[in-house]
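Right, one structure below, let's go through it.
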Amino acid sequence: MPGFIVILLAVLLSLPAVAAEIAPKPAAKTPVKKTQSAQERITILSIIPAQGEPGMTVTLSGTGFSETSTAFLGSVEIPAKLLGPKQLSFEIPRIQPGLYALFVKNNDGATSKTYNFAIQPLKPVVQSLSPDTVPACTTSGSREVTITGKNFQEGAQVLFDGGGIRSRYSSPETIGFTVPAVRGGIHQVQVRNPEETTSSPLALLIDNRPEISAITPGTDYVNYYELSVEGRNFLQGSVLVVDGQRISGGTPMPGNRDRLIYMDCTQLIYQRYPADPTPRTLRVQVVNPGNEESPVITINAP
């Protein structure tokens with residue numbers, strides 16, 4: 001009997017080990033396949049600027065951008081530049097103005113939500129005027145001005161102080177016009193495209209200050225001779241100041257027979273009655289009705 005008990009205890013003590021050996025092992029976890037919905041999503045948080053014109057750079061901020069990210073405006077695919085893990089930029093291509101659906105897509109198929117993006121008409125840009133200073137009164141050829149810039153369209157019009165004037169379209173970079181007869185001073189020049197987009201203004205100076213370029217002897221009569229005063233910006237009513245004495249085209253001052261004849265804005269004829277035929281130094285200046293004065297010219301004449 002005691003032997004039987006010892007054998008029974010030995011059997012019972014061995015049971016846990018056997019149970020452990022025959023117990024089923026836990027099943028290995030099957031890897032979960034990453035689906036489209038589990039992919040990293042593309043999220044656009046900001047669009048700067050929110051609208052623009054062709055040639056402008058747009059910066060997108062958000063998440064999910066990569067080196068393979070591409071921007072779309074409607075069906076137009078645009079190469080994009082990854083600025084960082086949270087920034088992407090692209091340049092607006094030359095497409096027609098309007099409202100487009102903007103979104104970003106990666107080559108793994110991940111796509112962002114779409115956002116409305118307005119493409120504005122291309123705005124003309126005025127960069128320079130040649131010349132940027134025009135005499136108030138001179139020969140017609142010197143009143144021609146060429147505008148240099150970009151984005152000028154066929155049919156573009158020049159605005160002079162806000163009003164449209166006749167212009168000559170040459171190319172998307174150049175357009176010309178003739179300066180109208182206006183007062184002296186600073187005036188504004190702009191270009192307006194047919195789409196009603198207008199450039200920023202540039203200043204054009206209408207210079208109304210008289211200037212003497214030459215004084216040459218003319219016809220010599222018995223008791224007087226003529227001096228031809230040549231230059232620009234001479235006006236009806238301009239006077240000649242000779243050694244401080246004013247010579248005009250009206251009735252000569254008492255005791256003085258000298259007279260000034262207005263030919264055009266580039267020439268005055270000075271009829272001088274010298275008391276002494278000996279040449280001497282004369283200081284000559286033109287003064288316009290608005291008191292604009294030319295620099296003083298020194299000549300030798302009787």
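FYI, it's all coordinate maths here, none of it is from the lab. Every value quoted in this text rests on a predicted model; they were computed, and no experiment measured them. FYI the Cβ positions are ideal-geometry reconstructions off the backbone, even for glycines, and counts take in every protein chain you see.
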**HN-Hα J in Hz across segment 126-133 - Karplus 6.51, -1.76, 1.60, θ = phi - 60°, x for Gly and Pro** = 9, 9, 7, 10, 9, x, 9, 9
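For a footprinting-style exposure proxy, rank Val287, Val58 by other Cβ within 10 Å, fewest first.
Val287, Val58
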**Item:** Loop-resident sites, segment 121-211, for trypsin sites (Lys or Arg not before Pro), counting at most 15 other Cβ within 10 Å (DSSP)
**Value:** Arg166, Arg183
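What per residue convex hull volume, in Å³, do the alpha-carbon atoms of segment 211-301 yield?
Details: hull volume 8.3 nm³, N = 91.
Value for segment 211-301: 92 Å³ per residue.
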**Message:** Under 8 Å for C-alpha pairs, at least 6 residues apart: give me the relative contact order for segment 162-208, rounded to a whole percent.
**Reply:** 31 percent
**Item:** Cleavage-rule hits, trypsin sites (Lys or Arg not before Pro), segment 207-302, DSSP coil, Cβ neighbours within 10 Å at most 14
**Value:** Arg257
**Asked** Over segment 125-207, how many percent of alpha carbon pairs lie in each 10 Å bin up to the one with the longest distance?
**Response** 20, 58, 21, 2
**Most positive-pole-ward Cα, Leu235, Pro274, Gly290, against dipole of segment 199-293 from beta carbon charges** = Pro274
**Request:** Counting other Cβ atoms within 10 Å, keep those with at most 16, restrict to DSSP loop, and tell me which trypsin sites (Lys or Arg not before Pro) in segment 89-119 are left.
**Result:** Arg94, Lys113
